[in-house]
Amino acid sequence: MKTYKIAAIPGDGIGTEVVSAGVEVLQALAKRDGGFAFKVDDFDWGSEYYKKHGIMMPENGRDQIKDHDAILFGSAGAPDVPDHITLWGLRLAICQPFDQYANVRPTRILPGITSPLRNVNDKELDWVIVRENSEGEYAGVGGRAHKGLPIEVATDVAMFTRAGVERIMRFAFRLAQSRPRKKITVVTKSNAQRHAMVMWDEIAVEIAKEFPDVEWDKMLVDAMTMRMVMRPETIDTVVATNLHADILSDLAAALAGSLGIAPTGNLNPERIFPSMFEPIHGSAFDIMGKGIANPIGTFWSAVMMLEHLGEPKAAARLMRAIERVTADKSLHSPDLGGKATTRQVTDAVCAALAGDN
Ligand code: ATP
Ligand code: MG
């Protein structure tokens, strides 16, 4: 029997609550399936670790997880630790060296969930947003000089490489090709950002030739926000830069009903390093410890993890269980307008798994 080694990094805030729920559901799934098992190793890295040790994760942290089959991540961020430490000290300290350059964010309206868009259903809003996750606006290149003086300057250089753009474009076209509609929109801002974004447009034309069966169009990012709201049914797969897709995918999560249900995979498609799966929400300190965090975003991320591990049947089984639970409004957590606790939603998904044929 195959045993998958999973590194669980709950991190901060509600990350700890949703990741333990996620592990519980994965174990219930393995028990139900019988064909594979999970060995889960927990890592207590994050802001509490930082307060004790002055770093978010140990120096040899990456060595401790590099041979795991996948990483299940919660969230990094605390009110009393600066963002650049929590972000660059843990999440990006894993994403960047593990070359998880493809950030994949499926968006769909699950049964029982209401979108703020009127009259839209799950057939009209079924997207996957691919975010370039290794360079661009978040490359960390730039600087500041003459602090405090009128001549102070500050720069953030959006840095794109041909190799980096080609690989994310090819990844996204391949993903579009694997979906029923075989359709992709390449999002840039090439009218105003006249160097890198023009290179994106040119590379899109080149890569599109490798995928003659994929229908594609391009769109400026500002127009794209409008299209997502006004004509959601015209969109399938989307590829955009680190910054643009960051913004588009938060909008997408809101249109799908709640930040609490949205999943992400940070993929190293070549599988040289482990990939990392996480809900898109943050630490949500306002609801921490209350037992009401919605764990669905983590469960859906676990579905993506199973697909990546090569367990499509188990992935489909878990997705069915999630949808059976969201369809029942009495099992909605407060972010969805209900009263259900993390415990109740988790138990319900485990029960749905046990009853799934
Ligand atoms: P971070 O700085 O870590 O990104 P944040 O506070 O900026 O955290 P989120 O943690 O994503 O942002 O939370 C935004 C809002 O959405 C909060 O009010 C939070 O309570 C709510 N929220 C986020 N995730 C969930 C969830 N899983 N269940 C319920 N509510 C959630
Ligand atoms: Mg946030």
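Got at least one residue in segment 256-268 being more than 16 Å from ligand 1 (Cβ to nearest atom) and outside any strand (DSSP E or B)? Looking for residues that are more than 16 Å from ligand 1 (Cβ to nearest atom) and outside any strand (DSSP E or B), one finds at least one in segment 256-268, hence yes.
If you go through segment 41-96 and pick out every residue that is within 15 Å of ligand 2 (Cβ to nearest atom), within 11 Å of ASP12 (Cβ to Cβ) and among the acidic types (Asp, Glu), you end up with 0. The helices (runs of 4 or more DSSP H) found entirely in segment 282-357 that carry 3 or more residues being modelled with pLDDT of 95 or more and either within 30 Å of GLU48 (Cα to Cα) or touching a strand residue (DSSP E or B) at 6+ places or on another chain (Cβ under 9 Å) (or both) are 296-309, 342-355. Within this structure, SER275 fails the test of being buried (at least 18 other Cβ atoms within 10 Å of the Cβ), within 15 Å of ligand 1 (Cβ to nearest atom) and of a type in the set (S, T, N, Q).
Against the test of being surrounded by fewer than 22 Cβ atoms within 10 Å (Cβ to Cβ) and among the aliphatic types (A, V, I, L, M), the options ILE247, ILE322 yield a single qualifying residue, ILE247. Pairs are defined by a Cβ separation below 9 Å, a sequence spacing of at least 6 or placement on different chains, a first member in segment 278-299 that is near ligand 1 (Cβ under 7 Å from one of its atoms), and a second member that is of a type in the set (Asp, Glu) and in a loop (DSSP other than H, G, I, E, B); the pairs so defined are GLY282/ASP12; SER283/ASP12; PHE285/ASP12. If you go through segment 261-291 one residue at a time, how many are over 21 Å from TYR138 (Cα atoms), over 12 Å from the mean Cα position of the chain (by Cα) and within 16 Å of ligand 2 (Cβ to nearest atom)? Of the residues in segment 261-291, 5 are over 21 Å from TYR138 (Cα atoms), over 12 Å from the mean Cα position of the chain (by Cα) and within 16 Å of ligand 2 (Cβ to nearest atom). Taking segment 164-186, which residues are among the polar types (S, T, N, Q) and touching a Lys or Arg at 6+ places or on another chain (Cβ under 9 Å)? Within segment 164-186, THR185 is the sole residue that qualifies.
The values are calculated or read from the model by the stated rules, or taken from the named source; none is laboratory data. Treat the numbers as computed from the prediction; the structure is a model and nothing was measured. FYI the Cβ positions are ideal-geometry reconstructions off the backbone, even for glycines, and counts take in every protein chain you see.
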